[in-house]
Amino acid sequence: MDMTTRKAISAFLPPFSMLLLALLVFQGCNGLNPLCGSARPAPVIGSLSASTITFAQVQQGFLLTVTGSNFVSSSVVVINDTTLSTQVMSSQQLQVTITATLISAPGTASVTVNTPSGNSGNLGCTSGGTSSALDLTIT
């Protein structure tokens, strides 16, 4: 191999090796940032199956359906800062049962959805989060 060929290869290797390293370490495909990998979108609540229920319904165990978007298998419904056992029906629908152990009297309950962060690390990627709140009124 002559000296010109060696110089050409030497000039090519550092940029190529950095690109290869980035592809191996930061796997994944995110439309906004390809380094975000499995970053999860923040959940969004659009509506509740009922915005007002009676306390008698709570005592019987009321099945609440939360409709929105960006729900994943690890998304959970949170009512008044209590995380509930949540059934993920789809990326747009969650269900929880509200009982008197959660709501002990008539009033207003704050309903949010939380999605834990993915494994995006420290790449400047946002992942998961908590939705804005909707009020559930118990009469």
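Restricting to region 40-76, give me the number of residues that are under 18 Å from residue 104 (Cα atoms) and surrounded by 18 or more Cβ atoms within 10 Å (Cβ to Cβ).
Qualifying residue count, region 40-76: 4.
The listed residues are 111, 78, 96, 88, and the only one of them that is hydrophobic (A, V, I, L, M, F, W, C), at pLDDT 95 or above, more than 26 Å from residue 56 (Cβ to Cβ) and in a strand (DSSP E or B) turns out to be 88. Out of region 77-105, which residues are of a type in the set (Val, Ile, Thr), in contact (Cβ under 8 Å) with a residue 40 or more places away in the chain and either exposed (fewer than 15 other Cβ atoms within 10 Å of the Cβ) or touching a Phe, Trp or Tyr at 6+ places or on another chain (Cβ under 9 Å) (or both)? Across region 77-105, the qualifying residues are 98, 99, 103. Only one entry in 92, 87 is farther than 17 Å from residue 42 by Cβ, under 16 Å from the mean Cα position of the chain (by Cα) and not aliphatic (A, V, I, L, M), namely 87.
The values are calculated or read from the model by the stated rules, or taken from the named source; none is laboratory data. It should be emphasised that the depicted structure is a prediction, and the values quoted were computed from it without experimental measurement. Backbone-built Cβ (ideal geometry, glycine too); neighbour counts: all protein chains shown.
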